[in-house]
Amino acid sequence: MYEGFYGFRERAFRKTPDPRFLFLSEAYEEALEQLLFAVEEMELALLTGEVGSGKTLLTRALVDKVGDRHEVGMVLNPRLSPRQFLAVAAAELGVAQPKFHASDLHAQIHDRLLELDDQGRAALLIIDEAHLIPEKATFEEIRLLTNFQLDDRNLISVLLCGQPELRERLRHKTYRALTQRIGAQFHLEALAAEDVPRYLAHRVQVAGGPALLFEPAAARRLHEASGGVPRVINQLATQSLIEGMARGSTRIGAAEVDAICEGQDFLDSLPRRADVAAFPAARR
């Protein structure tokens, strides 16, 4: 592939959520700070963004930041009944043999959280793709998890991560008991045009590639063609590198990007931007 031609140690635009490649634009840095605040305060947090906006990558960076101070559990497929959700959450948090009945699972999770607290550690449960949770009753189980606390501190922090429709769903009054507990929230927007050159340079640098590989005109075209969505930028940047290698180009310019975009409208494949209104400001 292009790695040898351009001198990369590894691929710069892979789809895997490797925290090393997280580009901390002003917005992404603020999002990470909000999430860290929620975890430190042991609160419920909400992170939303369109498909491909970098939500999963941001949660992996969060896990790296909290380190061994927390027992981290991750629910990656939340299409679960309330009891199934509790069983998965229990196993992710370190319960060796989760029981069958919900009442027993509650007791096991509570005991595990107390055990962690005795060790001077806390628990963080990340629920990815939370917009796919099928039942209100499962959200109620999430709310009940936040009831596990001592007199002076909570025992678990929960992060709900999903697409904008998760926000729309949580606005319904039936979820008020849950949303009133949200201590921090953030919605990830697409990258602005001025962020794209630095985004490309960061990923190239982490992968060991040459400086200034993408010309400013190429970055502008990549932003235009992708709508600023990081996942789409990654796809187009990879194809541009392959095109550049085929042409023998030492740098990627507008011509390489135009060549791979010709006859294709990548914006047709993007989700339409939801009108996302902010929740009340997080407590600081």
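Before moving on, here are some points about what is shown:
- Per-residue Cβ neighbour rank within 10 angstrom, fewest leading, D117, D128, D111: D111, D117, D128
- The local environment of R83, defined by Cβ-Cβ distances under 14 Å, has a net charge of -2 under the rule Lys, Arg +1 and Asp, Glu -1.
- Each Lys or Arg adds one and each Asp or Glu takes one away; over the other residues whose Cβ falls under 14 Å from the Cβ of E115, this sums to -2.
- Stokes-Einstein D (µm²/s) once Rh is taken as the Kirkwood radius of the range 191-268 over alpha-carbon pairs, at 4 °C in 1.567 mPa s: 106 µm²/s
- For L178, net neighbour charge (Lys/Arg +1, Asp/Glu -1) across residues whose Cβ lies under 10 Å away: +3
- Assigned charges on the beta-carbon of Lys, Arg, Asp, Glu; the chain dipole about Cα centre (debye): 280 debye
- Positive dipole terminus of the chain, leading residue within Q149, I233, V63 (C-beta point charges): I233
The numbers here are math on the coordinates, done by the rules we state, and not lab data. Nothing here was measured: the structure is a model prediction, and the numbers come from that model. Using ideal geometry, Cβ is built from the backbone for each residue, glycine included, and neighbour counts are taken over all protein chains shown.
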